[in-house]
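Just so you know, all these numbers are worked out from the coordinates, no wet-lab data involved. Keep in mind that this is a model prediction, so the values were computed, not measured. Cβ coordinates were reconstructed from backbone atoms using ideal geometry, including for glycine residues, and neighbour counts include every protein chain displayed.
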Amino acid sequence: MASMRSIKRRKGSIQSTQQITKAMKLVSTVKLQRAKGRAEKSKAYFECMYATVKSVLAKAGFINHPYLKPGESSKKAVIVITSNRGLAGGYNSNVIKLVTKGSFKKEDVKIYAIGRKGKDAFTRYGYDIVKDYSDVIEEPVYADAMRIGNDLLEAFAKGEIGEIYLAYTAFKNTVSHIPTLLKLLPVEAGAEVEEADEDKALMNFEQDEEEALNLLIPKYITSLIYGGMVEAVASENGARMQAMDSATSNAEEMIEKLSLQYNRARQGSITQELTEIIAGAEAIS
């Protein structure tokens with residue numbers, strides 16, 4: 001059995017850790033409330049944008065546009081949104097697995113990292129890190145998403161990449177976060193979009209269809225990237241809150257077990273001292 005001193009030292013260490021996990025849980029809870037409200041307010045817009053563009057293309061007929069067909073390059077650009085910090089359970093690893101355990105070949109993937117945890121992981125795995133936007137995930141703004149989208153569209157136009165994907169964690173609710181891999185480019189018409197019979201006429205563009213798509217698709221890409229960042233921040237704080245809550249509960253259980261061990265060791269020590277005293281008294285008499 002461990003000595004009373006070692007048990008007491010270990011118990012004190014776990015109590016200190018528990019105080020840290022409690023504080024981190026409170027901080028994550030406050031951040032989650034703010035990020036959750038932001039994600040819920042913006043979610044409807046981004047879902048509507050996604051569905052609208054799919055619907056427009058489904059009713060537009062055949063359009064010969066670069067954004068609607070794979071590029072000449074076999075390279076796939078993947079925007080990976082993770083966090084800059086750990087201690088969030090499986091939040092980061094689940095997003096990373098979408099790429100490393102998916103159907104992508106490592107040599108064909110170009111990583112555009114948003115979040116240091118993802119960047120560091122893909123660097124260790126030997127992936128090509130094209131750009132690092134880790135600073136933008138702390139406080140996502142639309143202008144940052146636009147800059148990232150423009151960089152990717154420029155690479156697509158130059159033929160450096162043939163497809164663009166977004167890997168992020170979708171925020172469903174406080175305890176449910178879904179790792180999601182979304183194809184951004186080339187944009188595919190939504191075959192699943194069901195329209196009423198009278199609404200199946202082909203889409204007519206007031207401007208030239210190519211000019212219209214040149215305006216629409218970049219906004220579509222930017223909106224999805226920004227939406228992904230906003231939801232990822234909410235998911236990160238939700239995951240960290242759950243992880244710190246579990247860590248606090250585990251620490252409490254360990255403290256209870258150590259308290260029991262300490263009391264047993266103390267009782268054993270007292271019993272041994274009494275036995276030695278009685279034995280000494282009997283020997284003298």
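Taking the beta-carbon count within 10 Å as an exposure proxy, list PHE62, PHE46, PHE122 from fewest neighbours to most. Mind showing how you got there, number by number?
Working: PHE62 7, PHE46 19, PHE122 22.
By the 10 Å Cβ count, ascending, the order reads PHE62, PHE46, PHE122.
What pairs in LYS25/LYS110; LYS41/LYS97; LYS105/LYS219; LYS36/LYS158; LYS59/LYS183; LYS54/LYS76 have C-alpha atoms more than 27 Å from each other?
LYS25/LYS110; LYS41/LYS97; LYS105/LYS219; LYS36/LYS158
Order these by the 10 Å Cβ neighbour count, fewest first: LEU215, LEU152, LEU87, LEU98. Could the numbers behind the result be given before it?
On the way: LEU215 10, LEU152 26, LEU87 15, LEU98 18.
Final ranking by Cβ density, sparse to dense: LEU215, LEU87, LEU98, LEU152.
With runs of 4+ DSSP H residues as the only contributors, calculate the mean residue ellipticity of the chain at 222 nm using -39,500 (n - 2.57) per run, divided by the residue total and rounded to the nearest 500.
Per the formula, -21500 deg cm²/dmol.
Listing THR169, THR222 from the residue with the fewest other Cβ atoms within 10 Å to the one with the most, what is the order?
Ascending Cβ contact count within 10 Å gives the list THR222, THR169.
Working from Cα positions, state the angle (0 to 90°, nearest 10) between the long axis of helix 209-284 and the longest principal axis of the chain.
On a 0 to 90 degree scale, this one is about 10.
Which one, VAL53, ILE217, ASN94, is farthest towards the positive end of the dipole of the chain when Lys and Arg carry +1 and Asp and Glu -1 on their Cβ?
About the Cα centre, the residue reaching furthest to the positive side is ASN94.
Could you tell me how many degrees, from 0 to 90 and to the nearest 10, lie between the Cα long axis of helix 142-157 and the main elongation axis, the longest principal axis, of the Cα atoms of the chain?
Once rounded, the angle reads 60 degrees.
Principal axis extents for the stretch 31-179, Cα atoms only, whole Å, descending order, please.
46, 37, 27
Between ASN263 and ASP135, what is the FRET efficiency for a Förster distance of 45 Å, r being their Cβ-Cβ separation, to the nearest 0.05?
On the way: r = 51 Å, r/R0 = 1.14.
Approximately 0.30, to the nearest 0.05.
Need the full-extension length gain, THR52 to LEU181, defined as separation in residues times 0.36 nm minus the C-alpha distance. One decimal, nm.
Result for the pair: 44.5 nm of gain on full extension.
Along the charge dipole of the stretch 1-152, pointing to its positive end and built from +1/-1 on Cβ of Lys, Arg, Asp and Glu, which listed residue (GLY115, THR29, VAL80) has its Cα farthest out?
The one lying farthest along the dipole's positive direction is THR29.
Work out how far the C-alpha atoms of the chain reach from end to end along every principal axis, then list the three figures in whole Å, largest first.
Principal-axis extents of the Cα atoms in the chain, largest first: 115, 41, 31 Å.
Choose one of GLY227, ILE270, PHE156: the residue whose Cα lies farthest towards the positive end of the charge dipole of the chain (beta-carbon charges +1 Lys, Arg; -1 Asp, Glu; about the Cα centre).
Comparing the listed Cα positions along the dipole, ILE270 ranks first.
With everything on Cα atoms, drop me the angle between helix 116-125 and the longest principal axis of the chain, reported from 0 to 90° to the nearest 10.
90
Convert 25 °C to kelvin, take the viscosity as 0.890 mPa s, use the Kirkwood radius over C-alpha pairs of the stretch 84-172 as Rh, and evaluate the Stokes-Einstein diffusion coefficient in µm²/s, rounded to a whole number.
Here the translational diffusion coefficient equals 175 µm²/s.
With only alpha-carbon atoms in the gyration tensor, what are the semi-axes of the equivalent ellipsoid for the stretch 1-55, in Å, largest first?
Semi-axes (√(5λ), whole Å): 49, 12, 4.
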